[in-house]
Every structure is written in structure tokens, then in C-alpha cells.
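Down below is the structure, laid out as C-alpha cells.
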Amino acid sequence: MIKQLSQRLLGPVTFVLLALTLWLGLWVTPSFEIQGDLARLVYVHPAVAWVAIYVSFGTATIASALYLWRRTRSMLVDRIAHCAMEVSVVFILLTLITGSIWGRPAWGVWWAWDARLTSTAVLGVFALAYLALRRANDDPELRARRSAVLALLAAINVPIIQFSVQWWKTLHQGATVFTTDHGLKIHGIQAWTLLISFLGFTMLFFWLLRARYRLEVLRDERYNASLEEALVQRRREGVR
Amino acid sequence: MPDADVGLDLTPVAAPPSKRRGRRRSIGVVALLAVAVLALLSQGLLHSLNYFETVDQAMHSRGSLGTKTIRLEGIVKPNTINRTATGASFWIKGGGKEVFVSAHGSPPQLFQANIPVVVVGHFTSRTSDTFYGTQIMVKHTASYIAQHPKRVKAPNGSTR
């Protein structure tokens, strides 16, 4: 009952949160000192990056680790890893695009080869390689094992992305919301809008993951059904 | 007893995919991944993990830098900006040192006094304080303070 209700509410709640972000971000919140209206991208870019790097890539990594651990190994976790990684690719791309749109007027360039941007692009390449590796293997178990190993290897890059702005000198700004001493850098309605955007995009991830997972299940069912049908047909041919 | 050969489709079917083929493809994907990652890193991080030199660092190693192209970071000194037809000239400071920048090309939208900038260019000589810039980038901070301070309250209730 609760499961059904939450599944039904996922889409509408996501829509409401994202619509609220749009309304608050564009019309209600004041513009910013120094950056003016440019900084309204703060309600999109950090949330998209959060989902790309931590939520979706994190889900794919955890599911991959669960697959590699014998006790929890199942095609279900492999499927979750695959679907989460696909969504991650979309969000990594969105992160790079929104960052670029922000960077051009703010920095003066669309792209800079600094540690934060480069390491994020490297994560995108790893995510694409993960999907390519899945297509390269026809054996389901081999495919699951190899891609899970690659996902865990790629996850090493996540802390590098996170701490790149502290470890090295980058054009990209430091921590957006919290300072290193955990002080909040954004207040009032702006902080609430930022929180809502994080929630909205996180919910969007789960909505997309669920839709992609269902599609994968349907695809597997169709494949199994067609295989079964082909076997029956073959048997009939043999009897004739 | 039915004749097994009559009406039976004996055309050869494709062999099931072998593990060897999967392994070859996997190695191909991993090789491509390695090439792509190395290409990205060679552009971005293999030369230097740090994107720029600060003013004091650059001044310290000015002799060895010579007229080599670098990225120089510093804060734009107020009342020094002079916009020209081809670009802008201004002083930047950092770590107690100052450098005069003469840059070509239009500065970014956010370019202004007291803002950190990264200028791509080179010193005009080993001993010069003048830096010839070909590109100005603004390194904005992560400060998101509202333009109308009274509308924003800090968690402790004070207005900022």
C-alpha cells in the first residue's frame, strides 16, 4: 500500500518540487551581489552535479559493490547499477553543460582545463566506458562482473572531484554551500530554494531510475519470451 | 516413423557468442577508455595540477619563468582599471606583491575592481613587473549574498 502510494506520488512530487524551484529561482529570490542574475544558476548547476556525481554514480557504485559481494549478488542489483549509470551519464552531461553556460559570462570562457572540470569530464568518460563495456559482453554474468569492477574503479575519481578545489588551485570556485568550517554561505529564501532544488533533482533521479528499471525488466521479459518462442519453434521443426 | 530429414531446416545457425570475443571487445573498450582519459589528463592536469600561479609565486619565480606563457592570478586593484579599445590595463595584487597587467581582448562581464582574475599571458622580461595578457578570466568566489541585504537573514537573525 505504502509502496504503491510512494510510487504514484514520485512523479507528481518531483514535478511540484522542480516547478517550485523554477518559480522561486526566477521570480521570488533576489538577485546576487557581484554576479547579479547570473548566479541564479546556483539553483540548477550544483543540484544537477550532486545528482550526477553522488546520487546516481553513487547508486551505481553501491549496486556494483553489492553485485561483486557474493552474498548480495543478483541480477537485480546489476540492473540497478546499469540503470543508475545511464542516468548518471545524462546528469554528468547536464552538469558540464550548465557549468559551461554559467562559466562563459562569469569566467569569460566556456571551458577551463582545471582540476574540477577535468576530473568531472573524466568521470563522464568512465561512465560512457561502463555502458560500452556492457554492450561488449554478451554473457550476462561476465558483463555484470566486468562492469561492476569498472564502476568501482571509476568511483576513485569521486573524492578527487570533491576535494579538487581544496587540493589544487582551480578556476572553479570552492565549496558552494558550506565553507570548510561548515559555515553556511547562503541564507534565507535563497537557501530554501537551493534545498528545494536539491530535493527536486534528487527525486527526478529516482523517478528516472524507476522508469529506466521498468524498461529494462520489460526488455528482459521480451527477450526471454522471444527466446522461449524460438526454442518451441525449433522443437516443432525437429518433430516434423 | 517420420523421416527426420524431410521438412527440417538444416541451414547453419550462428554460433553462440564466445567468451573470447567478449574479452577482445572488453579489452578494446578499456583501451579506448585509457586513451580518452589520458587525452583529457594531458590537456588538463599532467602539465600542472594547479591552474594558475598567484602573483607572489610568479614574482618569486619571475627569473626562471622569463617570457613563458603562464596563468597569473590576483585581485584587481581598485581605481587602476583603464579600459582601452583593444582591452584593459590594471594592477593586480596578491601575497603583498603587485603586477601591472596590459591585456588584449574584451574582459568578461564580471570583470571589476576587487575581484580575483586569472590572466593568461607572460611577463615582458625576466625583471619586468609588466605582464602582457592575451585573455582575462574572472575567478568569482562562492559568495552568494543577496543584492538587497535586508531581505536576507542569517540563521542567527542578523541581516547580511
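Please treat every number below as a calculation from the coordinates, not as lab data. The model shown is predicted, which means the values in this text are computed figures rather than measured ones. When we count neighbours, we look across all protein chains shown, and the Cβ atoms used for this are built from the backbone with ideal geometry, even at glycine.
Odds and ends about this structure:
- Degrees, to the nearest 10: A:115-136 long Cα axis against longest axis of chain A: 10
- Contour minus Cα-Cα distance for A:TRP110 and A:TYR54 (0.36 nm per residue): 17.8 nm
- Degrees, to the nearest 10: A:57-68 long Cα axis against longest axis of chain A: 30
- Under the Karplus curve 6.51 cos²θ - 1.76 cosθ + 1.60, θ = phi - 60°, whole-Hz ³J(HN,Hα) for region B:81-87, x wherever Gly or Pro sits: 6, 10, 7, 10, 5, 9, x
- For the pair A:LEU142 and A:ALA175, label points projected 7 Å from Cα toward Cβ lie 4.6 nm apart.
- For peptides A:47-59, A:99-111, B:57-69, sequence by mean Cβ density within 10 Å, most packed first: A:47-59, A:99-111, B:57-69
- Mean partner shielding of peptide B:104-110, defined as the number of other chain Cβ atoms within 10 Å of each residue Cβ, is 4.
- Pairs of Lys residues in the protein assembly as shown are counted when their Cα atoms are under 15 angstrom apart and they lie 8 or more places apart or on different chains; the count is 6.
- A:ALA19 paired with A:TRP167, simple spin-label distance in nm, labels 7 Å along Cα-to-beta-carbon: 4.3
- Shielding by partners, peptide B:111-124 (average Cβ within 10 angstrom, other chains): 1
- Förster radius 25 Å - calculated FRET efficiency between A:ARG214 and A:MET1, Cβ distance, rounded to 0.05: 0.80
- All distinct Cα pairs of chain A go into the 1/r average, and the inverse of that average, the Kirkwood radius, is 20.0 Å.
- When only alpha carbons are used to place a centre, region B:66-109 and region A:58-135 end up 37 Å from one another.
- Note on A:TRP69 and A:ASN224: their simple-model spin labels are 2.6 nm apart, each label 7 Å out from Cα toward Cβ.
- Placing one equal scatterer on every Cα of the protein assembly as shown and applying the Debye formula, the log10 ratio I(q)/I(0) at q = 0.10, 0.11 Å⁻¹ is -0.81, -0.93.
- Neighbouring partner chain Cβ atoms per residue of A:102-114, average, 10 Å criterion: 6
- Summary of packing: across the peptides A:73-84, A:114-125, the per-residue average of other C-beta atoms within 10 Å ranks them, highest first, as A:114-125, A:73-84.
- Note on region B:9-148: along the principal axes its Cα atoms extend 89, 47, 29 Å, ordered by decreasing extent.
- For the pair B:THR69 and B:LEU49, a Förster radius of 22 Å applied to the C-beta separation gives a FRET efficiency near 0.80, rounded to the nearest 0.05.
- Between helix A:188-239 and chain A: long-axis angle, C-alpha atoms, 0 to 90°, nearest 10: 10
- FRET E, pair A:ASP37, B:ALA85, Förster distance 30 Å, beta-carbon r, rounded to 0.05: 0.55
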